[in-house]
Amino acid sequence: LRESEGKGHAVAPAILNNRITQAVLKARELTVTHEPIEAAGLNRMTGAEKPAGLTYLAAAIHSSRPDLQRTFPEPEKRDAAAYLLWLLTDGAQEYDLAPVFIAPLREQWTAALQRLPQPFERLRYRLTLWGKLAWLRFRKSGGA
């Protein structure tokens, strides 16, 4: 990555689209860090333990969006399954997330489901994910 002209942040490779880059840069304004933006770095976990944290990308998107902060106030705990469901469906479409970012989010979502106490709740989330992904594929194919 190369430094952009006088802006103090790294130029992102093609896999990092403008929406992702803007979310990361906005989150960095809050944390005052200027490390280069790299896909591998955005897939690192923020928490000390893998199941309890989010990827840096998931955390950056959340911290850059007040609406997500209101809807999912505890994205690493109580709201993890719901927030990751949003990221895997609507968020993935909104941010045009590449498969390299989807795979770790899917792993986190699966881990978040395993932490849910009720089997019915896990099933509800799985069916919701399946239904939302099917609907998004149908819409993308021109069906609606």
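Here's the yes/no breakdown for (1) assigned to a loop (DSSP other than H, G, I, E, B); (2) touching a residue at least 24 places away in the same chain (Cβ under 8 Å):
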{"position": "59", "(1), (2)": "no, yes"}
{"position": "70", "(1), (2)": "no, no"}
{"position": "75", "(1), (2)": "yes, no"}
{"position": "87", "(1), (2)": "no, yes"}
{"position": "101", "(1), (2)": "no, yes"}
{"position": "105", "(1), (2)": "no, yes"}
{"position": "113", "(1), (2)": "no, yes"}
{"position": "127", "(1), (2)": "no, no"}
{"position": "139", "(1), (2)": "no, no"}
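Looking at region 89-99, which of its residues are part of a helix (DSSP H, G or I) and either modelled with pLDDT under 90 or touching a Gly at 6+ places or on another chain (Cβ under 8 Å) (or both)?
The answer is 92, 93, 94, 99.
Starting from residues that are polar (S, T, N, Q) and under 15 Å from the mean Cα position of the chain (by Cα), keep the ones in region 100-144 and report whichever is least open to solvent (accessible area, probe 1.4 Å).
The initial filter retains those residues of region 100-144 that are polar (S, T, N, Q), namely 108, 110, 114, 118, 128, 141.
Then keep just the ones that are under 15 Å from the mean Cα position of the chain (by Cα); that gives 108, 110.
Details: 108: 17, 110: 59 Å².
Once the filter is applied, the top-ranked residue is 108.
Of the residues that sit in region 44-57 and are of a type outside the set (A, V, I, L, M) and part of a helix (DSSP H, G or I), which one is modelled with the highest pLDDT? Restricting to residues being of a type outside the set (A, V, I, L, M) and part of a helix (DSSP H, G or I), the top hit is 56.
The values are calculated or read from the model by the stated rules, or taken from the named source; none is laboratory data. Owing to the predicted nature of the structure, the values given are computational and were not obtained by experimental measurement. In this analysis, Cβ positions are derived from the backbone assuming ideal geometry, glycine residues included, and neighbour counts consider all displayed protein chains. Remember, those area values only see protein heavy atoms, side chains included, never the ligands or the DNA or RNA. Shrake-Rupley method; radii C 1.70, N 1.55, O 1.52, S 1.80 Å.
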